1. Could you tell me which residue of the range 54-96 is surrounded by the most Cβ atoms within 10 Å (Cβ to Cβ), considering only residues that are among the aliphatic types (A, V, I, L, M) and touching a Lys or Arg at 6+ places or on another chain (Cβ under 6 Å)?
2. Cβ contacts < 6 Å: first residue closer than 27 Å to Phe198 by Cα, restricted to the range 352-379; second residue outside any strand (DSSP E or B) and charged (D, E, K, R), any location; separation 6+ or different chain. Result?
3. What strands (runs of 3 or more DSSP E) lie completely within the range 244-322 and have 3 or more residues being farther than 24 Å from Phe198 by Cα?
4. Applying the selection to the range 138-150, what residues are touching a residue at least 12 places away in the same chain (Cβ under 8 Å) and more than 24 Å from His227 (Cα to Cα)?
5. So, of the residues in the range 153-171 that are over 10 Å from the mean Cα position of the chain (by Cα) and farther than 16 Å from Ala247 by Cα, which turns out to be surrounded by the most Cβ atoms within 10 Å (Cβ to Cβ)?
6. Can you find a residue in the range 198-221 that is open to solvent by 60 Å² or more (accessible area, probe 1.4 Å), touching a residue at least 40 places away in the same chain (Cβ under 8 Å), part of a loop (DSSP other than H, G, I, E, B) and over 26 Å from Gly54 (Cα atoms)?
7. Need the failing condition index for Ile422 against (1) surrounded by fewer than 20 Cβ atoms within 10 Å (Cβ to Cβ); (2) more than 24 Å from Ile306 (Cα to Cα); (3) free of Cβ contacts under 8 Å to residues at least 60 places away in the same chain, just the number.
8. Just to verify a result, which residue in the range 373-402, among those that are among the β-branched types (Val, Ile, Thr) and part of a loop (DSSP other than H, G, I, E, B), is farthest from Arg332 (Cα to Cα)?
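The values are calculated or read from the model by the stated rules, or taken from the named source; none is laboratory data. Computed from a predicted model, the values in this text were never measured in an experiment. In this analysis, Cβ positions are derived from the backbone assuming ideal geometry, glycine residues included, and neighbour counts consider all displayed protein chains. Ligands, DNA and RNA are excluded from the accessible area calculation, which covers all protein heavy atoms including side chains. Shrake-Rupley method; radii C 1.70, N 1.55, O 1.52, S 1.80 Å.
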Amino acid sequence: METPTLFICLYFICLSVFGLSMAADTFSSGQSMKDGESLVSSDQSFELGFFSPGNSKNRYIGIWYKISPGRVVWVANRENPLTDSHGVLAFGHDGDLVLFNQSNSVIWSSNFSRVLKNPVAQLLDTGNLVLRENYSLNSDEYSWQSFDHPSDTQLPGMKLGWDLKIGLERHLTSWKSMDDPSPGDYIYRLNIQGLPQFELISLGSGKKYRTGTWDGIQFSAVPKVLHALTKLVFFNGDDEKFFSYEAIKSEYSASIFTLNHSGIIQFYTASKRSNAWNLAYSPNDPCDSYSTCGANGICRSSRASICNCLKGFVPKSPEQWNLLNWSGGCTRRIPINCPKEDGFLKLAKVKIPDLLEFWLNESMSLEECQAECLKNCSCTAYANSDVSGGGSGCILWFGNLIDIKEYKEDNYGQTLYIRLPISELGNFANQCLFL
């Protein structure tokens, strides 16, 4: 009776030396992973293995939710696919994780500078694939991690943003198509010029969407539904600036924030009962599209005609405006009479203009900010840079004001002060600051 037991034990020992044991979450130097084998996180949430997307016959190394193999959240060799099922994932001589093809050519590598003597790869319960020394298996000291190299999906706990110490940017890049995970035409990234804000960029036509700037409490365009489903975290330090989130609804087994191949931001959740993916949020307000109303226009989705010129401005092309083509924007009705006889119109609950031509001082008061604006005849508007604690800091805008949206909800948006000739203020005098 002891012989079969001994045989079984020896079988699994051999398997662990030369290949992967079933449902393993790690493999180490001397092991490899072939097409058809996989790593599975210890809690059975995520799986890493070979796959072919959509109708493609190409093979890729990726990570997906085990409950939903079609929901791939990370791709290693997205720019260099295998053309057959003979790929092998193993460790290189310097400890890099390397994907080889049938002719032993390198298809993809983790490509980190530090040499590992006894490397181990592990798929964590978070969906993060990490590399480290074998002796540090229970620590958080990673030599490389997939979370530092996102594809088109942000998972809970993954950071999007900048590690300024090492010059690392983490951003989402869309797939080229449903059948092709190579980098597509859209990028979702944190712009840290001035005040941080997330931007969706089309490589062919520029910005498509932005969240609004970080106001010390929130990004103004982040909807209430995301606050209800997740704990949103934004860290704005000197060495690191990033956004992350944690799921807080216990009835959901999984959640993802993704940028699809058409350039649409989407947040999905999966129910524990059905494991079906449900679209919880995607920007669908026409006022979310970048600069819907053109320069010096304001977008109000609650109105039949969503675009209006700001007070004191008129359509640059009335004919186009009447055809609901607002891209030409608006121009001043009366030029500013600088340095005298100007005032400021107070505009509350708005996504403040994009930071294109601006000046920032994060220690000024609002009164000092107004005075600074008055010193420059090119200053067209100002606002607090931080609304927490009663408001502080100063942003000045110069030139046209781009991508302003008005919110219906309370506790959304900021207050913007727009410079106008006093003759334009009229009945708005009670909302204005005069020079």
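1. Within the range 54-96, the match that is surrounded by the most Cβ atoms within 10 Å (Cβ to Cβ) is Leu82.
2. Asp354/Asp403
3. 313-315
4. Of everything in the range 138-150, those that are touching a residue at least 12 places away in the same chain (Cβ under 8 Å) and more than 24 Å from His227 (Cα to Cα) turn out to be Tyr142, Ser143, Trp144, Gln145, Ser146, Asp148, His149.
5. Once the filter is applied, the top-ranked residue is Trp162.
6. yes
7. Only one criterion in (1) surrounded by fewer than 20 Cβ atoms within 10 Å (Cβ to Cβ); (2) more than 24 Å from Ile306 (Cα to Cα); (3) free of Cβ contacts under 8 Å to residues at least 60 places away in the same chain is unmet by Ile422, namely (3).
8. The residue in question is Val387.
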